[in-house]
Amino acid sequence: ANVNGNTVDNPISAGVDGTDSATGISLEKPSRVSIEQSLTPKKSTSSSKSKWYGITLDGRTMKTPLGLPLSVPSLPLALSIASEWDAQKHTIQPAQMPLMTLVCTAIDQLTIPSVRSSTIEKLMAYLKNDTTCYWADPTEDRVLYRRQSRSWDELHKWVEGDNGSDSDRYSESDNGGLNCRPAKAVGAGEGLIMSRRRKEKNKSAGLPHDEKLLLQAREFLKGCDGWTLAAMQNITMEAKSFLVGMAVVRGVQGRYGPFASDTDKAVVASRVEEEFQIENWGLVEGGHDYDRLNCSIQIHAATVLMESIVTAD
């Protein structure tokens, strides 16, 4: 690492492959105003002003890959990142530092307005093809359909704001969902038909969700600070589901939801179909097992990030 006075450059490059950049990575440095607007936590259980903490390497304060101060508004989060660095021995393994990766993404990337906007658009694209909206046909594969139902029914009730017979905790007034039923395709044939590109103006490929649902989802993303958006992106991409990501984030923020106190349920909901295939066709070592582990690590890391920010003093 390059040492400059009392600071030390981050030994991890801005690009994921050891280069200066990578696909989707911006080398533009954000303005101070943009950093303050993006990284000031919007959800916190404390009414006091956030305290910020840095991480040191060999006694010197670290910077992000783009050279910005590596500081976070949470002592537990700072200590967690420090422990990730302590675990690095002979070589640096970025894949073993999920919190470090999330924090640097929030600071270096999600403080840049253009990157933030493109991230929101990418997340909206996941909503249009949300994994939890594609169901097996119960007349053709009732076993998989039942597993999907066990993992996704409660999620969809929460999204809809359903205050059905089991509980009133998903009422529209406080549940944190989208208060609208998402489109749902049953069976491969219906999925292909419903998600096709439409001829109408401004209609792209993807499930025909209600415009109200899309508007609510976009407003939710626009209201996220950089930390929340980083967590949302991590979970959504890993789960292939905007709805799973939003449910985890809202649960941590203190809103009711199916994964509010059990992140493991979110991991299970993200892997219904793959685990079903593994049970039927077997596990490929070095493939399925790594995917299973990585999914759990990424979703739990995003949850830890959110919890650390929300509960910070």
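The values are calculated or read from the model by the stated rules, or taken from the named source; none is laboratory data. Because the structure is predicted, anything quoted here is derived from the model rather than measured. Here the Cβ positions follow ideal geometry from the backbone for every residue, glycine too, while neighbour counts run over all protein chains shown. SASA here: full protein model, heavy atoms, side chains in, ligands and nucleic acids out. Shrake-Rupley method; radii C 1.70, N 1.55, O 1.52, S 1.80 Å.
Once the range 277-309 is narrowed to residues that are out of contact with any helix residue (DSSP H, G or I) (no Cβ under 6 Å at 6 or more places or on another chain) and within 30 Å of Gly226 (Cβ to Cβ), the residue that is most open to solvent (accessible area, probe 1.4 Å) is Tyr290. Residues that are within 14 Å of Pro41 (Cα to Cα) and charged (D, E, K, R) were ranked within the range 215-246; the one that is surrounded by the most Cβ atoms within 10 Å (Cβ to Cβ) is Asp225. Filtering the range 271-291 to residues that are among the charged types (D, E, K, R) and under 18 Å from Arg150 (Cβ atoms) leaves Arg271, Glu273, Glu274, Glu275, Glu279.
Restricting the range 47-57 to residues that are closer than 17 Å to Gly226 by Cα and touching a residue at least 40 places away in the same chain (Cβ under 8 Å) leaves a set whose member that is surrounded by the fewest Cβ atoms within 10 Å (Cβ to Cβ) is Lys51. Scanning the range 259-313 for residues that are closer than 28 Å to Gly177 by Cα and either in contact with a strand residue (DSSP E or B) (Cβ under 6 Å, 6 or more places away or on another chain) or assigned to a loop (DSSP other than H, G, I, E, B) (or both) returns Phe259, Ala260, Ser261, Asp262, Arg271, Thr311, Ala312, Asp313. Considering the range 253-276, and only residues there that are within 15 Å of Ala301 (Cα to Cα) and touching a Ser or Thr at 6+ places or on another chain (Cβ under 6 Å), the residue that is surrounded by the fewest Cβ atoms within 10 Å (Cβ to Cβ) turns out to be Thr263. Taking the criterion of being at pLDDT 75 or above and open to solvent by 50 Å² or more (accessible area, probe 1.4 Å), the residues of the range 187-209 that qualify are Ala188, Glu190, Leu192, Ile193, Pro208.
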